[in-house]
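This report concerns only the one structure given below.
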Amino acid sequence: MAFITASWNPLGDAFYRSTELYEMSWSLRDGLRDSLVAAFFMVRFQTSTPDLSPLSRPQLEIYSASGGAFASFPWKSGPVVQLGWTVSDELLCIQEDGTVLIYDLFGSFKRHFSMGQEVVQSQVLEAKVFHSPYGTGIAIVTSSSRFTLATNIDDLKLRRLPEVPGLQGKPSCWVVLTQDRQTKVLLSNGPELFILDNTSCTVVCPSGLSPQDGSIVHMSVSFSYKYLALLTDTGHLWTGLSTLQVSTLLLHIHLFNQLFTCLPRCRRPKSQQPSVVLMWDRLLLVVGVCNETIQYPIEDPCVLVGEMDGVRIISSSNQELLQEVPLVCQDIFKIASMAPGALLLEAHREYEKSSQKADEYLREIKEQSMLGEAVRQCVEAAGHEYDTNTQKSLMRAASFGKCFLTDFSPDQFVTTCRELRVLNAVRDSSVGLPLTHTQFKQLTLQVLIDRLVYRQFYPLAIEICRYLKIPDYQGVSRVLKHWASCKVQQKDLTDDAIARAVCVKVGDSPGVSYSDIAAKAYECGRAELAIKLLDFEARSGEQVPLLLKMKRSQLALSKAVESGDTDLVYTVVSYLKNEMNRGDFFMTLRNQPVALSLYRQFCKLQEQETLKDLYNQDDDHQELANYYVTASYREKRLEGRLSLLQSAVDEYNKAKNEFAVKATEDEMRLLRFQRKLDDEKGAGLLGLSLQVDTRGGTLLSLGLHKQAEQLYKDFRVPDKRYWWLKLKSLAEKEEWDELEKFSKSKKSPIGYLAFVEVCIKCNNKYEAKKYVSKVTPEQKVKAHLAVGDLEGAADAAIERRNEAEMGAVLSRCSPSNSLVIERLNRARAAIAKK
Amino acid sequence: MAHSARRDSPELPDFSILKRLARDQLIYLLEQLPGKKDLFIEADLMSPLDRIANVSTLKQHEVDKLYKVEHKPVISTSDQLCFLIRPRIQTVKWICDVVNADKVPGKSRRYKIIFTPQKFYACEAVLEEQGIFGDVTIDEWPFYLLPLDDDIISLELPEFFQDNFLAGDQRWVRTAGSALHLLYSLYGPFSKVYGIGRCSKMAYESWREQVEEGEQKARQAEIGNVFLIDRDVDFVTPLCSQVVYEGLVDDIFRIKCGCVEFGPDVTSSDKSVKVMLNSQDKVFSEIRNEHFSNVFGFLSQKARNLQTAYDKRRGMDIKQMKAFVSEELKGLKQEHRLLSLHIGASESIMKKKTKQDFQELLKTEHLLLEGFEIRECISYIEEHINRQVSMVESLRLLCLLSITENGLLPKDYRSLKAQYLQSYGVDHLLTFSNLRQLGLLVEQQPGETLTVMESKVGKLVNDKTAGKLTDAFSSLAKKSNFRALSRKLNLVPKMDEEYDLRVPRDMAYIFSGAYIPLSCKLIEQVLERDGWMGLEEVTRLLNGHEFAVTGSSGVDSKGKNDTQRIILVMFLGGCTYSEISALRFLGREKGYKFIVVTTAITNSSRLLEALLGNHV
C-alpha cells in the first residue's frame, strides 16, 4: 500500500499522481526536437519541421500512443503550419496556403479542401484544430490578421470573422472557445484581450486581472471549454471560467526562461476547481487553487496532451499520465484511511493471510453498516487504477465483501469487471489506447470499437463486441463491414481470393451491405471484384446504382428488372438513354422485354417518334403499321391520313398480314369514295366514323340508294348485311311502300321474320303483319307472337305439332285468352297421346 | 335462402380502419400546405375520395374550392394549388402546362402534387423535363385500399388490367404488393399464401420483400389464408353475361365505386337517384347474390311483408300507434323506398333482358361453354355483327368463341373479322391486334399442338431474341385450353337434370347452372387440397406460375380455428360481381368467409372497352 501512494503529491487537499503509461517503442533520431507534433487522444503524429533545404524533405510519421509505427512517408506538399486529428481519427495537415489535407491513420491520402480564397494570397500564420459537439473544426489566422473558422470539416462552412482593431500580424496568443453553441475566438494583442465572434469583436477584461499585470503571452482552455488560464509576461497566472467572469486563482509565479505550454484542467468534478500544468524546459509545474505548486523535473523536451481527466506527458522515451487521484482512490489508499473501502481492502488482505484480523476489520465495517458502501468503493477504485495487480486486489476485496451481503445488486461489479478487461486489452502496448475509465465512459463503447476499427484491430474489435454481447447489427456487423472494405483494398490478393474471403467471413450477417463493400472495391479501381461482390448482394435493387456507376449498364438493367421495381428499371432506362447512342440503347432494351414495354408505354405518351424508331429497330412491322394507323386518326387532312395509311399498308405487307393490308386498303378506298361523294353531292360524310355500314346507312337515309348499292358492291358487302341495313334504314324513315317494294325485289336473304321484327320495333304492327305470311314455317310462331297475334301463333304451332312452340305461345297467354289456351291444351294432349 | 349452409362462418375483420387510416394520411398531407388552397382531383378519384373524406372534412382543412381535373386551363384564383392525382403522365403533363402558364405573367403560386397511391419515377422525369421540378412539392398518399363493402376491397385501379396484361408494363405490381403488405400489417400474419399467375407471383415477391424490410410484430392474425390470382388465368368468366342480381345491375347500370345511379326509368320519376349498394341496404343484401329469376318473387314477397307491417297500423290504439311511428315507421319507410327502387330496377332489367334476343344470347353462350353446335353459334354471332346490335357485345361473343374453342379456324377468323370491321369500323383493326396479343381472339395454328409451341419457345430462349420471347410466351400463356380445363375441373355441370336456381347446388348457379367459374373453382380446389397437389395437369394447362407458401409466422394449425377460415382472395386485373357471389356461396357451403381484394371491379364491357384500339 505504501508504494501506491509513493507517487502521490499533495496539492492543497488533493493529491496528484503520475502513472507511466508506456515506454515508447519508437526510436527517434532527434527526439522530439524540431518536430511538429499533433497528439489527439491516443495517436501521435510527428514530423520534422519543414526544412528549407531542398535536399532533405520533411518526414511524416504516424505512431500509436505506445510508439508503434503506423506509417511514415516523406512530405511532398507545401509547408505545414499545423497538424491535428479529427474525431474519426483522420489526420489534418493544414498548409501555409490554407489547403487542408486529410490522411487516414495509415498515411493514405483521403481528400483535401481549402480554407478559402483569401488565404491563398495571404498565408496562414497559425492554425488550431478544435473539437466541439458539431465535430472537428479548424481556425486559422492569416498574415492579414483575419480569422477564418470552420466548425465542422465534414460539412464545410467557412466563416470569416470580423477584423480585430489594431492587430498587426498574428496575435500574441489565442484560443478557440465553444460556448452557448457558438464558436468564438479569444485572443490577446499586447495587454488587450478580445473576444471575436461571428459578428463582432469585443474588448474584454478578465475580472481581477489589472492591465498593470502585463500583456498576456499564453492562454489555454480546458478540455470542456469551461476553464481558461492566462499567463502574462510579468508572470501573473490567471485562471477562471472561460466566460472570464469568475477568477479562481491569481498567482504570481517566477518566470523561468521560456514557457512551453500551459493547460488548465478540470479537477475533481464535484469541487470544480481547476489546476494548471505549466511546462518549461526542464520543469513541469502543477498549480492549484490553493496557491500551492508541485514541481516535476523533466529531462527531455516533452509534449503535453490535455485530456478530460488528466494530462498526458509524452517524451521521447516514455509517456505518463498526470492526473488528480480520484477521490475514491484517495479514500482507499490514503495513509491511515478509515474509509470503509480501505478497511475492506485490509480485511481481504488479512483474510488471504488467513489472519483472524480479517474478521475484526469486517466487523468494524459492518458495525457502521457500511459494507455495501465499502464494496462500491473498491469496485469504483478498481476502475480508476491502471495497474492490473491493484485492480485485481480491489476487485477481490469487493467480491470478498459481497459475500457478506444479501440483496446486493451485482451489476456494478459485473460491468466493471467486463469493462476493465476491455480496457486492459486496449491499453496493451500492442494496441496503444491508454484510456482511463472515465474517458471510456465518456467515449462510449461504440466509439471505442470505431477507434479499434480505424486502427484495423478487427479481431480484437469483434472479440470485444462478442464479449460485451453487443447486438450484431451495431457490433460485429459493423466491424465486418469495415474489415471487408479494407480487405478489398489489398492489392496483393486476387479478386477471387478476396471475394471468397469476404463471403466466408461476412456470410449473411445482418446489416452488412455487399453493395457498400463493392462500392469500396470499385473506388479502389477493382471493378471485377466489385461485380463479384455484388453477386452476393441479396437485394438486386441495391446493386443497381453501383453497377450504373461502373458503367455496367446492361447488368444494371437486368438487375433492376430482377428487383421487380419498375421505378428502378425506369431510372436505369433513362440513364441509358442519355449515356448510349440510340442504336445501342435500343439494342439493350431489346434484350429486356420488361424494360422495353415500360419504355414503350412512356414513349406512347411522351415521344411518339421514338416509338416509331423503336419498332423500326426491331423490324416489328406489325406494331409499326399499328403505329401508323393510330397516327392516321390524329391526322385531320385527308391526304395526310391517306399517306399514313399507305405507310401502314406497306408495313402490314412486310409483316405478311394480308388481312390487315386488305382492311387498310379498304379503308383508304372508303375515304376516297366518300371524298368523291362529298365533292359530288355535298353529303358531308368526311367527319363520320369509319364504318362501311354507317356510310352506307347514311347514304340510304339520304336517299342515295344508287350510291349505296355501288358502295356495297365495291366493298363486297354480303347481301345479308345490305338487306339488314336497307331494311332498317327504310323502316326508320317509315318509307313503308319503299320497304314493301324492297321486300319483293327478290327473295330476302335474311328471311322475313326480320321484316316483322323491324316493323314492330318501329311500332308499326300493320306493316309487320304484311310480312307474317312470308315467314318460313319454322319461324311462323315467332312472327305471329311478335305481332301479338296469339291465335295465329297457336294455329301455326298446332299445325306444326311442335310442343315447345305451343309452350311458348301458352306462356304468353293471359287468362282472357281462354279459347286459345283450351285449343292449345287440347292439341298438346293429342300429341301426348301419340 | 334455403341453403344447407354451415352456420358457423367466422366474423370478418373490421376494414373501416383502412378508411380512417387513409383519411388521416390525407389530412396530414393537406396540412403540409397550410392556408387556403384549391384542390384539383383526378376524375376517377372523385368517388373513392368521397368514400374517405367528404367535402366538409376537406373544407375543415382549408380546402377552398374543389375542381375535377379536366385537362383544361385552370381558372382558380387561389395562390395555393394542390393536385390529388394518379401517377399518370398525361395528368402530370397537364400540371406542367398549368405551372408554365402561370410563369408567363409571373404569377407566383405554391403547387403541391399528391400522387396516390404512389409516385412513379416517370412522372418526376416529366416534371424535370418540363423544368418545373423545383416549383412543385411532391407527396405520396398511400391510399391503396378502399373497402367497398364488408367483404370487398378495391384498389380502384382499372388501368392495372391493360397496363399489366396488354402493355406488359409491370409498374403496378409493386403497388399490389404494397396493398397486400398493408393488409398484412393490419390483419396478418397470414398462415398460407397460394397463387397462380405471373403477376401474382411478382406481387407476392414484392410483398415478401417489404415484409423482410419492415419490422416484425407479433399480432393476432385476423386473416388466415391468401389466394392471389391473375385475371388472365380466367378470361371466360368475366366474358359471360351476368345473371345474378348484383352482376346484372353492374352490367346494365354500371356500379361505380359501390354506388349506382338509377335513371328516370327506374325511379319512375324525372329524377335520377344515386344508391349505395352494399350490405347496409337490407333489401339489396338479400337479393344481390340471387339468380335474377328469383329476384322478382323475392321482391313481391318482401312487398307483401311490408304491406303487412304497414297494415298493423289498423286497429292500433293511440299509444301503439305512437310506438309504431317512432320505432318502426322510419325503418319501414326506408325499406319501402329501397324496395321500390329495386323493383323499378328489376323491371327495367326485365324489359331489357327477358326479350327474345337475350334468351338467345344466353343460349348461345351456354352452347359455347359446353362446346355444342358451334356452327349455329357462329352464325348467331355473324347475325349479331351484321345487325350491329352492339359493338362490345359482338366482340364479347367473338372472344368467348375463340377462348372456348381454343382459337378460331382461319377461315372463320378472317370472315368474322372482316364482317366486324365493316360493321363497326376499320379502326377496330387495332382492337383485334390487342385481342390477339392478349390471346382473347386468336386464329388456330393449324396442326400446332402445345408441345410444338413449347419447343418453339425453348428455341427462342436459346436464341435470346427475348423481345419476341414475350410475344411467344404470351401467346403460349394465352393459349386457352378451356375445353380440357372444363373437363378436368368439371366446370360445366351435366345438363340432363333440371337445375333448380332457387336451391343452388354449386357455384354454377351464378350462370344459370351452365358453368362454374374457373377462377372460383380453382380457389375451391386449392383450399380443399391445401395446395396444388393433384392439380398438376390443370396448372400445366394454365401455364403454371402457381405457388403455395406457408407463412413464416409459423401460425400453428390450431385445428381449424376461425381465423383459418377467413380467406383473402386477391384478383390482379379485376373481378366481377358474379365471381364475388360465387365465392360468397362457396363460403356459405364450406364455412369459409371470403374477402375479395381486387384491382377494380370489372365486367365484360369494362374488360373489352379497355382493349378497344379505336380510341386515340
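Need one number: the % of Cα-Cα pairs in chain B sitting beyond the 42 Å mark. Please report the intermediate quantities before stating the final value.
Details: 53927 of 189420 pairs.
Cα-Cα pairs of chain B separated by over 42 Å account for 28 percent.
Quick one: order B:Ile580, A:Ile294 by neighbouring beta-carbon count within 10 Å, fewest to most. It would help to have the intermediate numbers written out before the result.
Details: B:Ile580 27, A:Ile294 18.
Fewest-to-most Cβ neighbours within 10 Å comes out as A:Ile294, B:Ile580.
What whole number of Å gives the distance from the Cα centroid of segment A:387-425 to the Cα centroid of segment B:96-120?
Using only Cα atoms to place each centre, the spacing works out to 67 Å.
Rank by packing, highest mean first: peptides B:259-268, B:300-309, A:523-532, A:557-566, with packing defined as the count of other Cβ atoms within 10 Å averaged across residues. Numbers along the way, then the final one.
Numbers: B:259-268: 16.4, B:300-309: 13.0, A:523-532: 18.1, A:557-566: 22.5.
Result, highest mean Cβ count within 10 Å first: A:557-566, A:523-532, B:259-268, B:300-309.
Residues of A:585-596, mean number of Cβ from any other protein chain within 10 Å of their own Cβ, rounded to a whole number? Write down the numbers at each step before the final one.
Working: counts 0, 0, 0, 0, 1, 5, 5, 2, 9, 5, 1, 4.
Across A:585-596, the average partner-chain Cβ count within 10 Å equals 3.
For segment A:327-408, rounded, prolate or oblate, judged on the Cα gyration tensor with a ≥ b ≥ c (square roots of eigenvalues), a/c < 1.5 rounded, else prolate if a/b > b/c? The partial results should precede the final answer.
Numbers: a/c = 1.39, a/b = 1.29, b/c = 1.07.
Note, shape of segment A:327-408 comes out rounded.
Sorted from largest down, what three extents in whole angstroms do the Cα atoms of chain A have along their principal axes?
Here the spans come out as 141, 74, 57 Å, largest first.
Which three lengths, in whole Å and largest first, does segment A:409-470 cover when its Cα atoms are put on their principal axes?
37, 22, 18
Would you mind checking which residues have amide H under 5 Å from A:Asn318's amide H? H placed 1.01 Å from N; only 5 or more apart, or other chain.
A:Met24
Using mean Cβ contacts within 10 Å as the protection proxy, how do B:223-235, A:192-204 order, highest first? List each step's numbers first, then the result.
Details: B:223-235: 24.5, A:192-204: 15.5.
Highest-to-lowest ranking by the protection proxy: B:223-235, A:192-204.
For the protein assembly as shown, report the convex hull volume of the alpha-carbon atoms normalised per residue, in Å³, without decimals. Walk me through the numbers on the way to the answer.
Working: hull volume 429.4 nm³, N = 1450.
Roughly 296 Å³ of hull volume per residue.
Could you check the simple spin-label distance between B:Ala323 and A:Ser7, using points 7 Å along Cα→Cβ, in nm with one decimal?
10.0 nm
What relative contact order, as a whole-number percentage, does segment B:32-143 give when Cα pairs under 8 Å and 6 or more residues apart are counted? Mind showing how you got there, number by number?
Values: 160 pairs, mean separation 30.2, N = 112.
Once divided by the residue count of segment B:32-143, the mean separation gives 27 percent.
So what is the relative contact order for chain B, in percent, with contacts set as C-alpha pairs under 8 Å and at least six apart? Don't skip to the answer; put the middle values down first.
Details: 910 pairs, mean separation 131.2, N = 616.
Over chain B, the number comes to 21 percent.
Go through A:475-484, B:172-181, B:522-531 and give me the packing order, highest mean Cβ count within 10 Å leading. Provide the component values of the computation, followed by the final result.
Numbers: A:475-484: 22.4, B:172-181: 24.1, B:522-531: 18.2.
Averaged packing, sorted descending, gives the order B:172-181, A:475-484, B:522-531.
Any idea what log10 I(q)/I(0) is at q = 0.15, 0.16, 0.17, 0.28 Å⁻¹ for segment A:473-538, Debye with uniform C-alpha scatterers and no solvent?
Normalising to I(0) and taking log10 leaves -0.36, -0.42, -0.47, -1.29.
Report the full-extension gain for the segment A:Lys353 to A:Asp407: residue separation times 0.36 nm, less the Cα-Cα distance, to one decimal in nm.
Numbers: separation 54, 0.36 × 54 = 19.44 nm, distance 2.80 nm.
Gain on stretching A:Lys353 to A:Asp407: 16.6 nm.
Could you state the angle between the C-alpha long axis of helix A:514-523 and the longest principal axis of the C-alpha atoms of chain A, as a value from 0 to 90 degrees rounded to the nearest 10?
The answer is roughly 70 degrees.
How large is ³J(HN,Hα), in whole Hz, for each residue of segment A:433-450 in order, when computed from phi with the Karplus curve 6.51 cos²θ - 1.76 cosθ + 1.60 and θ = phi - 60°, using x for Gly and Pro?
Calculated HN-Hα couplings, in order: 10, x, 8, 8, 4, 4, 4, 4, 4, 5, 6, 6, 5, 3, 5, 4, 5, 4 Hz.
What residues qualify as long-range amide H neighbours of B:Ile595, i.e. H under 5 Å apart, gap of 5 or more or another chain, H built at 1.01 Å from N?
Sorted by chain and number, the residues that satisfy this are B:Ile567, B:Leu568, B:Val569.
Give me the percent relative contact order of chain A, please, defined on Cα pairs under 8 angstrom at least 6 residues apart.
On the way: 1312 pairs, mean separation 42.4, N = 834.
Contact order relative to length: 5 percent.
Return the sequence-ordered ³J(HN,Hα) values of segment A:768-781 in whole Hz as given by the Karplus equation 6.51 cos²θ - 1.76 cosθ + 1.60 applied to θ = phi - 60°, using x for Gly and Pro.
4, 4, 4, 9, 4, 5, 7, 5, 5, x, 4, 9, 3, 4
Rounded to whole Å, give me the distance from the Cα center of segment B:333-382 to that of segment A:624-685.
Value for the Cα centre distance between the two parts: 38 Å.
Work out from phi, with θ = phi - 60° and the Karplus expression 6.51 cos²θ - 1.76 cosθ + 1.60, the ³J(HN,Hα) of each residue of segment A:733-750, listed in order in whole Hz, and give x for Gly and Pro.
Karplus-based 3J(HN,Hα) across segment A:733-750 equals 8, 6, 8, 5, 5, 4, 5, 4, 4, 4, 5, 8, 4, 7, 5, 5, x, 9 Hz.
Within the set A:Lys334/A:Lys392; A:Lys469/A:Lys520; B:Lys312/B:Lys333; B:Lys36/B:Lys68, which residue pairs have Cα atoms separated by over 22 Å? Mind dumping the intermediate values first?
On the way: A:Lys334/A:Lys392 18 Å; A:Lys469/A:Lys520 28 Å; B:Lys312/B:Lys333 14 Å; B:Lys36/B:Lys68 18 Å.
Checking Cα-Cα distances, A:Lys469/A:Lys520 exceed 22 Å.
Which number comes out as Rg/Rh for segment B:1-117 once both Rg and the Kirkwood Rh are worked out on C-alpha atoms? Spell out each step's value before the answer.
On the way: Rg = 19.0 Å, Rh = 16.2 Å.
Across segment B:1-117, the Cα-based Rg/Rh ratio is 1.17.
Could you state the orientation-averaged shadow area of the convex hull built on the Cα atoms of segment B:252-354, in nm² to one decimal?
Values: hull surface 29.7 nm².
That works out to 7.4 nm².
Only helical DSSP H runs with n ≥ 4 go in: add -39500 (n - 2.57) per run for chain A, normalise by residue count and round the 222 nm mean residue ellipticity to 500 deg cm²/dmol. Before the final figure, lay out the partial values.
On the way: 33 runs with 389 residues, N = 834.
One gets -14500 deg cm²/dmol as the mean residue ellipticity at 222 nm.
How shielded is A:564-572 by partner chains, expressed as the average number of their Cβ atoms within 10 Å of its Cβ atoms?
Details: counts 10, 8, 10, 9, 2, 3, 6, 4, 0.
Mean partner-chain Cβ count within 10 Å for A:564-572: 6.
Summing Lys, Arg as +1 and Asp, Glu as -1, what charge do residues with Cβ under 10 Å from the Cβ of A:Lys720 carry, A:Lys720 excluded?
Numbers: positive: A:Arg721, B:Arg387; negative: A:Asp719, B:Glu382, B:Glu383.
Result for the local shell: -1.
What's the average, rounded to a whole number, of partner chain beta-carbon atoms within 10 Å of each residue's beta-carbon in A:598-604?
Values: counts 8, 2, 3, 7, 6, 0, 3.
Mean shielding by partner chains, rounded to a whole number: 4.
Any read-out appearing in this document is the output of simple, stated calculations on the displayed coordinates, not a laboratory observation. On a predicted model such as this, the values are computed, not experimentally measured, just so you know. Heads up, the Cβs are rebuilt from the backbone with ideal geometry, glycines too, and the neighbour counts pull from every protein chain shown.
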